[in-house]
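The values are calculated or read from the model by the stated rules, or taken from the named source; none is laboratory data. Please read these numbers as outputs of a predicted model, since none were measured by experiment. Methodologically, a virtual Cβ is constructed for each residue, glycine included, from the backbone with ideal geometry; neighbour enumeration extends over all protein chains shown. Ligands, DNA and RNA are excluded from the accessible area calculation, which covers all protein heavy atoms including side chains. Shrake-Rupley method; radii C 1.70, N 1.55, O 1.52, S 1.80 Å.
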Amino acid sequence: MSVPTSSAIGLLPLIIVALTAFAAMFLDMRTHPNPRQQNTCTVAGLLAAALCALPLLAKITTQSGPFTYWEGIIQIDYMAVVFTVLACASGALALLFSIDYLQSKRSYPGEYITLIPFVVLGLSLACSTKELLTFFLAFELMSIPLYVMAAWGRFDIKSSEAGFKYFINGAVASAIMFYGISLIFGSVGTTFFDKIVLNFDLTASPRHAFLLGSLMFAGALLFKIAAAPFHFWAPDVYEGAPAPAGMFISTAPKATIIAFLLRAFWGTLALQSVEFRLEEVWSITFCSIAILSMCWGNLVALQQTNIKRLMAFSGIAQIGYTLLGVMASSRSTGIAALGMSSAIFYITMYSFANLAVWSIITLVEYQRHTSEIADYRGLAKTNPFVAFTLLIALLSLASAPPLAGFIGKFYLFRTVFAAHSGWWWVVLLALVNSVISLYYYFGVLRPVFFEEPSASRGRASALQVPWSVKIGLAVCLLMLIAAGLSPWLVQLGAEAGSQIISVAVLP
């Protein structure tokens, strides 16, 4: 591979996102702000950043390799570009889905609209950095606006409670992360991934301090993606937060943290040094967390009657499946590439399915003032397109063929089995959990398709679906169906994983 370049073109998507964030803020500061105009400009800015990022994929492959900046602190490679595009797309879709909801509340929609691009900027930086302190700053830039978004319904006691819980737990996780970074730095004298490997001496370095710091750092990351047993905040926050906030919290941040886990723990550290493979620690740790997340998320979801809490526990289970790909990435170089690509593909498809479901939750909560599953009865008769989208999204989450979720899980399970034939029981357990998930997903679909609309509080009337929501739902549908029928997205994930491995093993 040729020498990495520092051409400023690699930073163009980040610059556009930053300018979009400040433009949204200034538009909201006008004497008579127009939320719809502000929303349109913000969506346009995020989409422009995503479109500018896509050509970088070809440049990285055909020209000079990844773009590096500030002595290697920032690296714009396949991983960074793919997840920057995903963060921008998630932010744009979240804004398209939520503008009518925001204007219906007694709060200022401009505040919420302004927060989204700042979160996207934090996400883009987080998946591009190769240095721990820079990641911590990006992590906080991502997290603090999310706390505000969870508490955005200032006149709703549940929203205030959700924001408070999220903030307190998030602050503790940040403190644990920073202490973990300090232990890592104290052990090896650097916070750069590649230099950690060079400075580490298995006989002289304080190995246990390094492992403790790494586990603390990983625990803080697992908190943010709501993996069991770090999931305790998610059900209450998802239920209490306004539906648009729950939509965004449950998608893009999870994808970015998975990207960073792959880059930090395997893309750089594990593959450059035998000492850092530490398979007896990392494989067992992530395998245990994946199994606990799958089992706990699916079993508790069976008991839920509130769709927001159900989606919280569903998200915990889905993260468990994704961590199987992370777990497989600790093996040999070839399997690591497969593990990374399967995790990238699965978390991407999960994000689009989750956005589709949460957009419908937002629509129902805004117009029917409910999030109970029983109140979705008859939706297929009043709003066929909305019901069809909900069907496809939930079936994809349940891994029904030929949708994207089925392809993603097949790819994950095949990779886990290829990584270690002794892990067949993990694949079997994941398959059993997938069958369990069918029950509660169909528990949502049953009232939608097989029950009559309720006449109470106007729930028999059709939902009014704005054009922006229709466009967003159509995009999600296209992704979920096309990714299941076409292999090009799988190939994109494989290319990302392979390039990270090739960069990692450079001398």
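Return the pair list, or none, for Cβ contacts closer than 6 Å from residues in segment 34-57 that are touching a residue at least 24 places away in the same chain (Cβ under 8 Å) and closer than 15 Å to Tyr78 by Cα to residues that are buried (at least 18 other Cβ atoms within 10 Å of the Cβ) and among the hydroxyl-bearing types (Ser, Thr, Tyr), at least 6 apart or on different chains.
Ala53/Thr84
Do we have Ala374 as closer than 28 Å to Ala241 by Cα, at pLDDT below 90 and either in a helix (DSSP H, G or I) or open to solvent by 30 Å² or more (accessible area, probe 1.4 Å) (or both) here?
yes
For segment 91-146, which residues satisfy the criterion of being in contact with a Gly (Cβ under 7 Å, 6 or more places away or on another chain), among the hydrophobic types (A, V, I, L, M, F, W, C) and more than 20 Å from Ala220 (Cα to Cα)?
The answer is Leu93, Leu96, Phe97, Ile116.
Which residue out of Val416, Val435 is modelled with pLDDT of 90 or more, assigned to a helix (DSSP H, G or I) and at negative phi?
Exactly one residue qualifies, and that residue is Val435.
Can we say Gln303 is more than 19 Å from the chain's Cα centre (by Cα), modelled with pLDDT of 90 or more and open to solvent by 20 Å² or more (accessible area, probe 1.4 Å)?
For Gln303, the condition - more than 19 Å from the chain's Cα centre (by Cα), modelled with pLDDT of 90 or more and open to solvent by 20 Å² or more (accessible area, probe 1.4 Å) - is met.
If a residue must be open to solvent by 10 Å² or more (accessible area, probe 1.4 Å), acidic (Asp, Glu) and within 19 Å of the chain's Cα centre (by Cα), how many such residues does segment 42-93 contain?
0
Among (1) in contact with a Phe, Trp or Tyr (Cβ under 8 Å, 6 or more places away or on another chain); (2) within 19 Å of Ser143 (Cα to Cα), there is one condition Ile60 misses while meeting the rest; what is its number?
Checking Ile60 against (1) in contact with a Phe, Trp or Tyr (Cβ under 8 Å, 6 or more places away or on another chain); (2) within 19 Å of Ser143 (Cα to Cα), the one that fails is (2).
Pull out all pairs, ordered by first then second residue, where Cβ-Cβ is under 7 Å, the residues are six or more apart or on different chains, the first lies in segment 346-360 and is under 14 Å from Leu477 (Cβ atoms), and the second is aromatic (Phe, Trp, Tyr).
Qualifying pairs under 7 Å: Ser359/Phe97.
So which of Leu390, Leu324 is open to solvent by less than 30 Å² (accessible area, probe 1.4 Å) and without any contact (Cβ under 8 Å) to a residue 60 or more places away in the chain?
Leu390
Failed condition for Ala175, given (1) open to solvent by 10 Å² or more (accessible area, probe 1.4 Å); (2) among the small types (Gly, Ala, Ser); (3) modelled with pLDDT under 90, with all others met?
Looking at each condition in turn, Ala175 falls short on (3).
Would you pick out the residues in segment 393-408 that are at pLDDT 90 or above and open to solvent by less than 20 Å² (accessible area, probe 1.4 Å)?
Across segment 393-408, the qualifying residues are Ala393, Leu394, Ser396, Leu397, Ala398.
Being touching a residue at least 60 places away in the same chain (Cβ under 8 Å), touching a Cys at 6+ places or on another chain (Cβ under 7 Å) and either open to solvent by 10 Å² or more (accessible area, probe 1.4 Å) or hydroxyl-bearing (Ser, Thr, Tyr) (or both): is that true of Phe385 here?
no
Considering segment 351-371 alone, what residues qualify as being open to solvent by less than 10 Å² (accessible area, probe 1.4 Å) and among the small types (Gly, Ala, Ser)?
Ser351, Ala353, Ala356, Ser359
Quick one: how many residues across segment 114-163 are in a loop (DSSP other than H, G, I, E, B), buried (at least 23 other Cβ atoms within 10 Å of the Cβ) and among the aromatic types (Phe, Trp, Tyr)?
Qualifying residue count, segment 114-163: 1.
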